[in-house]
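First the structure, in the form of structure tokens, and then the observations on it.
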Amino acid sequence: MNQLFDFDYMFRSFPEILRQAPVTLLISVGSMAIGLVIGLITALLKIYKIPVLSWIATFYVSFTRGTPLLVQIYLSYYGIPKILAFMNIGLNIGQVPSIVFIYVAYSLNVGAYLSESIRSAIQAIDKGQVEDAYSVGMSKVQSMFRIIIPQAVTIALPNFGNSFIGLMKDTSLAFIIGVVEIMAQAKIVGARSLRFFEVYINSAIIYWVICLIMERVLYWLEKKTRKHLET
Amino acid sequence: MIDIIDLHKAFKKNKVLKGVNLHVDPGEVVIIIGPSGSGKSTMLRCINYLERPNRGIIRVDDLKVDARNVHSKQIVALRNKTAMVFQHYNLFKNKTVVENVMEGLIVAQKMDKKLAYDTGVSYLEKVGLLDKLNEYPAKLSGGQKQRVGIARALALNPKVILFDEPTSALDPELVGEVLEVMKDVAKEGMTMIVVTHEISFAREVADHVYFMDDGIFVEDGKPSELINSPREERTRRFLSRVTLRVT
């Protein structure tokens, strides 16, 4: 027990920490998916300068990027029950699992960053193709979803990758409201043995490996979506 | 069949079109020449409402659009009766050559996919691009891209095709192949309104030539009359400048 670094313990505790990796992945993928929808809507509101709604969108992006995620998690955790209570919704907030507040906070957080990536990507598509879509009789919505957005995705993909990897690592904050993901599990296991360094090495390795896999997937996706740009 | 009556268009305070009138009969090839900035392209773009005219009437076939009281359904209808070939091709970069031709047919005209594909192939054959069906536009030369543009316009089966300086962005050695295709289209009786700087093409193909300067048509006539013996001083000056450059 007095050795400086217990390799044996590190290996033994690894599976126990890895067991919570699905929670980390679930939060990441789920929040990313919701965040993409929020980001697209926010970007479109800003591009088309919809009155009132675009001001709200601007405020939302500014607020989210200007406050720490940690604060946002607390705001979600303590704020949502208050809002629901105020609205007198007959829902016992005590029964809502903590992970719901995490989804809310993370989706809104990543959505704000994604909206700026999406906005710049959409605005990077040349206007000529839009005019062309109109001239063959397509509507605004049709040209947006069939011509512009598919090309914007190609442009935005590297930024999406950055956001996603950032998001995945940010899930390590979820433990503060009691969601047991990789980080929380490492804390629990570490507290039992007091071998904190070993278990945190484990969690670092797991995060890193997930990131490596993500990078490969993104690289493959990028190659696939750039097919039309090859000369 | 196509009538444009007293068309006005201003960008902010800059008046670009100052009362343009144009009549085109079915099957006619009308060519519009004139100096840069005279309003030729703007006029063309008003015909399918890529630009919104401030005033004037546009009549294509049985559809009449009054700029002062225009409904969005009319704009869609207008666009369905017209097709456009752009200076910078504007092909959909995320679609293959044949998909570029099919897109308008499937999405706007609700054509069956199989039929749209066959239609696309037959028009691409017409412009000599049968071997490029599944290439993306990035792999094509400028001349090939513009031929796709023409095939796409033809496939829509429009009442009129609007050509907006279709050869101006091309390398000189690629201009010929595009003009050849346009000649074929004209021969088959398609109604065409062409904005161009190719005076020799105008002389050879046009039924009627208009000269535009400073937002109005200064004069018009048969190509032989207007190009060989223009009445107006402005037309003479312009023609001497462009033909000097050519010869």
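The values are calculated or read from the model by the stated rules, or taken from the named source; none is laboratory data. All of these numbers come straight from a predicted model, not from anything done at the bench. Note that each Cβ is placed from the backbone with ideal geometry, even for glycine, and that neighbours are counted across all protein chains shown.
Select, from B:A169, B:A202, the only residue that is part of a loop (DSSP other than H, G, I, E, B), aliphatic (A, V, I, L, M) and within 18 Å of B:S41 (Cα to Cα). Spell out the reasoning first.
Details: B:A202 fails: part of a loop (DSSP other than H, G, I, E, B).
Matching residue, one of B:A169, B:A202: B:A169.
The test for being within 13 Å of chain B (Cβ to nearest Cβ) and not in a helix (DSSP H, G or I) does not hold for A:G128.
Got a number for residues in the range B:134-149 being part of a loop (DSSP other than H, G, I, E, B), of a type outside the set (A, V, I, L, M) and surrounded by fewer than 21 Cβ atoms within 10 Å (Cβ to Cβ)?
3
Is there a residue being hydrophobic (A, V, I, L, M, F, W, C), at pLDDT 90 or above and in contact with an Asp or Glu (Cβ under 6 Å, 6 or more places away or on another chain) anywhere in the range B:213-221? Yes, the range B:213-221 contains a residue that is hydrophobic (A, V, I, L, M, F, W, C), at pLDDT 90 or above and in contact with an Asp or Glu (Cβ under 6 Å, 6 or more places away or on another chain).
Which residue is farthest from A:L18 (Cα to Cα), if the candidates are limited to the range A:176-231 and must be charged (D, E, K, R) and free of Cβ contacts under 8 Å to residues at least 40 places away in the same chain? Spell out how you get there, then give the answer.
Initial filter on the range A:176-231 (charged (D, E, K, R)): A:181, A:187, A:192, A:195, A:198, A:215-216, A:222-224, A:226-227, A:230.
With the extra rule that they be free of Cβ contacts under 8 Å to residues at least 40 places away in the same chain, the set shrinks to A:187, A:192, A:216, A:223-224, A:227, A:230.
Working: A:K187: 13, A:R192: 17, A:R216: 20, A:K223: 30, A:K224: 31, A:K227: 36, A:E230: 40 Å.
Ranking the candidates gives A:E230 first.
Within the range B:47-73, the set of residues being surrounded by fewer than 19 Cβ atoms within 10 Å (Cβ to Cβ), of a type outside the set (A, V, I, L, M, F, W, C) and more than 13 Å from chain A (Cβ to nearest Cβ) comprises B:N54, B:R55, B:R59, B:D61, B:D62, B:K64, B:D66, B:R68, B:N69, B:H71. Can you pull out every residue in the range B:100-136 that is within 14 Å of another protein chain (Cβ to nearest Cβ), of a type in the set (F, W, Y) and under 25 Å from A:V141 (Cβ atoms)? The one that is within 14 Å of another protein chain (Cβ to nearest Cβ), of a type in the set (F, W, Y) and under 25 Å from A:V141 (Cβ atoms): B:Y136. Listed by first and then second residue, the pairs linking a residue in the range B:184-209 that is over 15 Å from B:V24 (Cβ atoms) to a residue that is among the aromatic types (F, W, Y), with Cβ atoms under 8 Å apart and 6 or more places separating them unless they lie on different chains, are B:T196/B:F163.
I'd like the full set of residues that are surrounded by fewer than 15 Cβ atoms within 10 Å (Cβ to Cβ) and assigned to a strand (DSSP E or B), limited to the range B:22-33.
Across the range B:22-33, the qualifying residue is only B:H23.
Against the test of being part of a helix (DSSP H, G or I) and free of Cβ contacts under 8 Å to residues at least 60 places away in the same chain, the options A:S62, A:S28, A:S115 yield a single qualifying residue, A:S62. Please find, within the range A:138-185, the residue that is nearest to A:E116 (Cα to Cα) out of those that are more than 14 Å from every other protein chain (Cβ to nearest Cβ) and among the aromatic types (F, W, Y). Taking the candidates together, the pick is A:F160.
Suppose we filter B:A116, B:A83 for residues that are assigned to a strand (DSSP E or B) and either crowded, with 20+ Cβ neighbours inside 10 Å or of a type outside the set (V, I, T) (or both); which single one remains? Spell out how you get there, then give the answer.
Numbers: B:A116 fails: assigned to a strand (DSSP E or B).
Exactly one residue qualifies, and that residue is B:A83.
Pairs are defined by a Cβ separation below 9 Å, a sequence spacing of at least 6 or placement on different chains, a first member in the range B:74-99 that is more than 18 Å from B:Y117 (Cβ to Cβ) and within 9 Å of chain A (Cβ to nearest Cβ), and a second member that is surrounded by fewer than 20 Cβ atoms within 10 Å (Cβ to Cβ) and among the aromatic types (F, W, Y); no pair meets this definition.
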